[in-house]
Amino acid sequence: MLESGAKVFYPLQGAGCVSSVETQQFMGCPREYYTIHLQLNSLIAYVPTDNAEKMGLRRLASPDQLEEARKLFFSKSVKMPDNNTDRKLLLKKKLNAGRISDLYQIIRDVSCCKAHGIRVNSDDKYIMEQTILLLESELMLIKKVTAEEAGLLVREDIRQREAALAD
């Protein structure tokens, strides 16, 4: 059970902080919810405590987990499926899992599509943009930096990766 003040990541919504655990009525029955203030759009999410893990809610990655995920980012890319629909399903599955390593892998593999002879489409670009925003929200809390600084960190990693590919 997460406590008030716990820093968390919620797939498709980003990183935030549990502000409380409260009981609300749902279809006439009391149910406990985490109230989470999400950094990414200053949203409040209510996540049922008994379903939180299934919904992908997790504690914020540790600095060590962040560095392990970054190592994966700089490792060899994986060729994405040629079929647009298959590629979109794979990316969405990883995005829904919401592990920090999955976020870095999405960015790595989509940014390397051209090197694998795959043309990036608008769905790929949209998922990549969303993934970058989600990763930035987590970096803000892990590294205690502003949104702008988190964005610079992610973009610098992407720049370094692209430079390494060009060599």
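From the set of residues in the stretch 50-70 that are among the polar types (S, T, N, Q) and modelled with pLDDT of 95 or more, which is most open to solvent (accessible area, probe 1.4 Å)?
Going through the qualifying residues, I end up with Q65.
Counting only residues that are of a type in the set (D, E, K, R) and touching a strand residue (DSSP E or B) at 6+ places or on another chain (Cβ under 9 Å), how many does the stretch 124-157 have?
2
Please verify whether S122 is within 19 Å of L12 (Cα to Cα) and open to solvent by 70 Å² or more (accessible area, probe 1.4 Å), treating the condition exactly as stated.
Yes, satisfied.
Rundown of residues vs (1) among the hydroxyl-bearing types (S, T, Y); (2) under 30 Å from C17 (Cβ atoms); (3) at pLDDT 95 or above, yes/no style:
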| residue | (1), (2), (3) |
| --- | --- |
| A115 | no, no, no |
| L139 | no, yes, yes |
| T146 | yes, yes, no |
| E162 | no, no, no |
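Step by step: first the residues of the stretch 103-117, then only those that are part of a loop (DSSP other than H, G, I, E, B) and open to solvent by less than 10 Å² (accessible area, probe 1.4 Å), then the one that is farthest from M80 (Cα to Cα). Which residue is that?
Among those that are part of a loop (DSSP other than H, G, I, E, B) and open to solvent by less than 10 Å² (accessible area, probe 1.4 Å), it is C112.
Here's a check for you: in the stretch 5-23, which residue that is more than 9 Å from Y34 (Cβ to Cβ) and of a type in the set (S, T, N, Q) is nearest to the chain's Cα centre (by Cα)?
Q13
Can you give me the ranges of the strands (runs of 3 or more DSSP E) entirely in the stretch 5-47 with at least 2 residues that are in contact with a Leu (Cβ under 8 Å, 6 or more places away or on another chain) and under 20 Å from Q65 (Cα atoms)?
Details: elements: 7-10, 14-26, 29-38.
The strands (runs of 3 or more DSSP E) meeting that bar are 7-10, 14-26.
Please go through the stretch 143-167 and pick out each residue that is surrounded by 13 or more Cβ atoms within 10 Å (Cβ to Cβ) and either touching an Asp or Glu at 6+ places or on another chain (Cβ under 6 Å) or on the phi > 0 side of the Ramachandran plot (or both).
Those that are surrounded by 13 or more Cβ atoms within 10 Å (Cβ to Cβ) and either touching an Asp or Glu at 6+ places or on another chain (Cβ under 6 Å) or on the phi > 0 side of the Ramachandran plot (or both): A150, G151, V154.
Can you pull out the residues in the stretch 79-102 that are polar (S, T, N, Q) and either open to solvent by 40 Å² or more (accessible area, probe 1.4 Å) or in contact with a strand residue (DSSP E or B) (Cβ under 6 Å, 6 or more places away or on another chain) (or both)?
Passing the criteria: N83, N84, T85, N96.
Tally time: how many residues in the stretch 126-167 are within 15 Å of the chain's Cα centre (by Cα) and within 19 Å of V78 (Cβ to Cβ)?
5
The values are calculated or read from the model by the stated rules, or taken from the named source; none is laboratory data. What you see is a predicted model, and the numbers here were worked out from it, not measured in a lab. When we count neighbours, we look across all protein chains shown, and the Cβ atoms used for this are built from the backbone with ideal geometry, even at glycine. Heavy atoms of the whole protein, side chains included, go into the accessibility calculation; ligands, DNA and RNA do not. Shrake-Rupley method; radii C 1.70, N 1.55, O 1.52, S 1.80 Å.
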